[in-house]
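Q: Mind looking over this structure? Questions follow.
What follows draws every value from the coordinates through simple rules; no lab data is involved. Values in this document were obtained by computation on a predicted structure and should not be read as measured data. All Cβ positions, even for glycine, are placed from backbone atoms using ideal geometry, and neighbour counts span all protein chains on display.
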């Protein structure tokens, strides 16, 4: 009996031990699973305005840099109007992504207006336009195009009296840029014709009864898409085109824009910091200079414009 | 027809030039380092050559030393008798070729020196040295005091011992204008270049001045200085010096000076280059081993 | 009645004077037109100058940056010349179209100068330098094209001017004719009216008037009574005579003008040389003379161009010219003064001398003889003076044309010589060029080594090292080529069987040929052995085959053909590759000219060319883009020692 009792006591002790260790194990396991799942998959929701090759290019560089890291990308490519952009942002918030990555000023402002709880990382944002919308959850890569340089280079190719600036009043960045151009052109005694478009197809109609010496396209996505429609018109009428966003196949004479590769590199640095747990407000936005100057010599010659030697030496790249 | 023949002669003789340069002193060949459109520069200097030729009775000719390659080697290879050097190239030529400074022109605004500028765009976040970390900087060339060496000395003075690591990126633009444009276009955050070239540009395009903010300046350094090779006969040397120094008192000379865009020539000596030597020392550069190409 | 007569005669006189005035005016215009035509020819020379300067600068653009740069001075000098040429043109052209073109030219020149200046002074990086070089070359070509277009416009202007000058001459004829006929008809009308009004009183004059009306000018009426009508009749007779005289003179003048015009026609056909006989014949008619001699200055003697029997010493003729105060034409009625004894023999009858001048220098004379009708009068002398001018101008024209032709030919020759000299000079310059070529890879190597030392990222270091490796290989390649080039001195002449040699070469290249999937066709002819350097010839053919392989990357057919020619043997190396575009074909033998980008040194073909040349042979090349290229090496059996 004693032995039996003793055995029973031992058994109970063993049972208790097993139960204890089991519970510890379970706790440990659940912790472990939770831990590993936390480290495993992160989802980045991406908003790329459709039809703008520049943003696709930047995104391509970012994907390449983040290759091998365990990240899911949930990509939205809405048409670049306010409603479509907001809808895309809402979808990503509802999907509960970990980070929202936005391209361009329009998409970024649309996302910030939805006040997401997730951190927002933006790329290719025109710095003065974002000033009013900054929040604690947002950080990213900004730029500032020196409009003076564009006017100066255009002026060195052709005498300018009237220039047309293509913009979309719904895209705030382009509104800011129009004002900068007007300020700069007053100094050069050039009159500025505001070419306001709300859809890419409008531009051709507007241009048919307006006379300008040069055209400038702002960073508006709509303007950038419209650029592809007026290529022949510009060449036939010998109107040099400058653009603040590149669009190589539409062959603007001058493009001055933030380097897609640098923008991507800077964005990846910020993304990596946030992925490793830093809060957006601790990560500084980046506004360092990284402009690229693309000069299309082929079109310049076709239009029989002056070829300033300075443009040849200063251009980051020349298209023949 | 005669001109064609002359062209042929020039082509043929130009190949044999280095061989004969030593023997004949019937001609004085002076190098110019390109500072602007070289055709314009030649137009500025040509009357000076004609004036000296007339006064000395020896042919004085100018030749453009294109920056391509090594200026010191080019000086030797072309058998030059002298050149208008900049602050750093002047020091380098004194050390390596033994040339001696003779005179330098005074600009129309009364200056005969230039400063180095470190500048940014006016709308930049950079207000002082401490915001420069991690940014992009555009220098002119390793062989310029105002476009590189002064900036390195400045950074070292402020405790930045490895300037090339302090910035995210640095590059050389090849010309002072280009360094200015790099910053204006937003291709670099910070630029380093010579004050005279920047001021000239501001005068031509006044709007630029508002776009640029200067963060730091160097002490005044001798700008363009005529240095002559040791091999020149001392009496000839004195004669050249005398003619140049007295040019502004001669009506014909004044016209030549006007074309050169200078008010007069003033005497120059090795002492004028002491600030340059100081900068070089501060920048930690050893002139004997410095590789600038 | 008297008053009426005086008035009608005054009208006639006025009309006649007007006719003469018009004639003189038109002759003056025509001479002026001709002067313009001549000055336009001069423009052509300025343009040639411009083109040569531009071409010289262009040719230096290909070498700039590869040598130590004395060509910078040459460029600066030629660009200044170019500037001056354009300024000269700006100073004198007036046609709107040409002015616009000149403005274009001047704008392009400014851009060209900017690009050239930037090209010479830029150090930043190779890509930028190449950009500038490309644009500078393009601008230079545009400059040349614009100059050619301008020449075209100037030619058109010249044509139009000549045409309008001829038209002016024609116009003057018509106007003269109209003026003279008008004078005649008015005279007739006046006569009729005059007759009608005095019917009764001048009944006796009616018949005479009728006759006059019928055109028999100069007829006189006889009136027996001595009254006012007698006076009238006499006045009428006077009028009739004057009319006849005037009419005759007018007819004569018209004929002369038309003859004068006919003289000018052969004179305008400048390019063909002058039809002297025609000119002489017409001049004879013009003065109603018996004979006309054309005597031209030929080698310090004046010779008759048709008979040759007459020649006068230059000094003698000049003395005569001076004696007559340099009048354009003179009449010698009796014997000439004794200062020209040579002339005494030939002058037996009244003689008209017309001088031909070229730029104030006597270059010939026309002698017109007339036995009948008492010789020449003042009208003849005036016409002779005009003729002297016209002939002088056209002779000058002819000479200018010949000069222009000769100058153009000379220009062309000099240009060719220039190109040849430049090529030779480039060859001589090779040593310094190679040193410099070596400098390029070495600079990169040093640069990238420095960069690597500062770099920590292993990938970047690897990438830098890769570049250093490539650059080193490039340097090695240049050194090898140089050694091969230098080895040329110790030429070893032996008997070479080219068929065997080609087989050896193909053996050497066989691996590469196989690798590029190239089939070989060998067609050896029966050829004698030649004297030559075995190794050097091998190098030549290896180089040609290497080029062929490069041209046929990805497959093709390589044909080797040998055979005998009358002066030696030939070897064909033919490929079916991408061919050489015609614009670079003339340059492939220049040192450092290469289309292989990184791979070639651009020395292969130029060395080959030298080797074959030193063997007394030559290389010919035929190429068609996208079809293939055939190099033919022709070698003499015994090379000159």
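Q: Per residue and in Å³, how big is the convex hull formed by the alpha-carbon atoms of the range A:228-278?
A: So the per-residue Cα hull volume is 78 Å³.
Q: So, one more: Provide A:184, C:292 in ascending order of the number of other Cβ atoms located within 10 Å of each residue's Cβ, fewest first.
A: Ranked by crowding around the Cβ, least crowded first: A:184, C:292.
Q: Using a Gaussian network model of chain A whose springs link C-alpha atoms within less than 10 Å, name the residue from A:244, A:293, A:66 with the highest mean-square fluctuation.
A: Result for chain A, Cα springs under 10 Å: A:66 fluctuates most.
Q: What fraction of the Cα pairs in the range B:113-256, stated in percent, has a spacing above 24 angstrom? Could the numbers behind the result be given before it?
A: Working: 4276 of 10296 pairs.
I get 42 percent for the Cα pairs in the range B:113-256 exceeding 24 Å.
Q: At 0.36 nm per residue, and after removing the present C-alpha to C-alpha distance, how many nm does the segment from residue B:125 to residue B:142 gain when stretched out fully?
A: 3.4 nm
Q: Next question, about the same structure. Where does helix A:2-40 land angle-wise versus the long Cα axis of chain A, in degrees 0 to 90, nearest 10?
A: Value to nearest ten degrees: 0.
Q: Please build a GNM for chain B, connecting alpha carbons under 10 Å apart, and tell me which residue among B:192, B:91, B:60 fluctuates the most.
A: Among B:192, B:91, B:60, the largest mean-square fluctuation in the Gaussian network model of chain B belongs to B:60.
Q: Let me ask another. Going 7 Å from the Cα of residue C:638 in the Cα-to-Cβ direction, what parts of the range C:520-564 have a backbone nitrogen less than 16 Å from that spot?
A: From the range C:520-564, the list is C:528-532.
Q: Efficiency by 1/(1 + (r/R0)^6): what FRET value for residue C:17 and residue C:409, r their Cβ-Cβ distance, R0 = 60 Å, to the nearest 0.05?
A: Rounded to the nearest 0.05, the efficiency is 0.70.
Q: Cα axis of helix B:38-56 to longest principal axis of chain B: angle in degrees, 0 to 90, nearest 10?
A: Result, in degrees: 40.
Q: With the cut-off at 1.5 for a/c, could you classify the range B:184-291 from its C-alpha gyration tensor as rounded, prolate or oblate?
A: Here the range B:184-291 falls in the oblate category.
Q: Something else now. Modelled label-to-label distance, residue B:202 and residue C:252, 7 Å Cα→beta-carbon offset: nm?
A: Result: 9.0 nm between the two label points.
Q: Between residue C:130 and residue C:10, what is the FRET efficiency for a Förster distance of 60 Å, r being their Cβ-Cβ separation, to the nearest 0.05?
A: The value I calculate is 0.10.
Q: Sticking with this one: Shape call for chain A from the C-alpha gyration tensor, a ≥ b ≥ c root eigenvalues: rounded (a/c under 1.5), prolate (a/b greater than b/c) or oblate? Write down the numbers at each step before the final one.
A: Values: a/c = 3.66, a/b = 3.14, b/c = 1.17.
Prolate.
Q: Also: Between residue A:228 and residue C:96, what is the FRET efficiency for a Förster distance of 41 Å, r being their Cβ-Cβ separation, to the nearest 0.05?
A: Plugging the Cβ-Cβ distance into 1/(1 + (r/R0)^6) gives 0.55.
Q: Then there is this: Using alpha carbons only, how many angstrom separate the centre of the range C:563-579 from the centre of the range B:56-126?
A: 56
Q: Another question about this same structure. Does the range A:143-289 come out rounded, prolate or oblate by the C-alpha gyration tensor, with a ≥ b ≥ c the root eigenvalues, rounded set by a/c under 1.5 and, if not, prolate when a/b is larger than b/c and oblate if not? Present the calculation step by step, with values, prior to reporting the outcome.
A: Values: a/c = 2.23, a/b = 1.93, b/c = 1.16.
It is prolate, given that a/c is not under 1.5 and a/b is the larger ratio.
Q: Subtracting the Cα-Cα distance from 0.36 nm times the residue separation, let me have the gained length for residue C:156 to residue C:466 in nm, one decimal. Write out the running numbers ahead of the final one.
A: Values: separation 310, 0.36 × 310 = 111.60 nm, distance 6.10 nm.
Result for the pair: 105.5 nm of gain on full extension.
Q: Based only on other Cβ atoms within 10 Å, what is the fewest-to-most ordering of A:112, C:9? Kindly include the intermediate steps, with their values, before the conclusion.
A: On the way: A:112 21, C:9 18.
Final ranking by Cβ density, sparse to dense: C:9, A:112.
Q: Helix B:195-204 against the longest principal axis of chain B: what's the angle in degrees, Cα atoms only, rounded to the nearest 10?
A: Helix B:195-204 sits at roughly 90 degrees to that axis.
Q: Say we join alpha carbon atoms closer than 10 Å with springs in a Gaussian network model of chain A; which of A:104, A:60, A:124 then has the biggest fluctuation?
A: The residue with the greatest mean-square fluctuation here is A:60.
Q: Can you tell me the length gained on complete extension of the stretch residue C:171 to residue C:104, counting 0.36 nm per residue apart and subtracting the Cα distance?
A: Contour length minus the Cα-Cα distance gives 20.3 nm.
Q: Once you place label points 7 Å from the Cα toward the Cβ at residue B:109 and residue A:269, how far apart are they in nm?
A: 3.7
Q: Additional query: Across peptide A:313-319, what mean number of C-beta atoms from other chains lies inside 10 Å of a residue's C-beta?
A: For this peptide, the per-residue mean of nearby foreign Cβ atoms is 6.
Q: Something else: Testing the spin-label approximation: label points 7 Å from Cα along Cα→Cβ at residue B:255 and residue B:270. State their distance in nm.
A: Result: 4.0 nm between the two label points.
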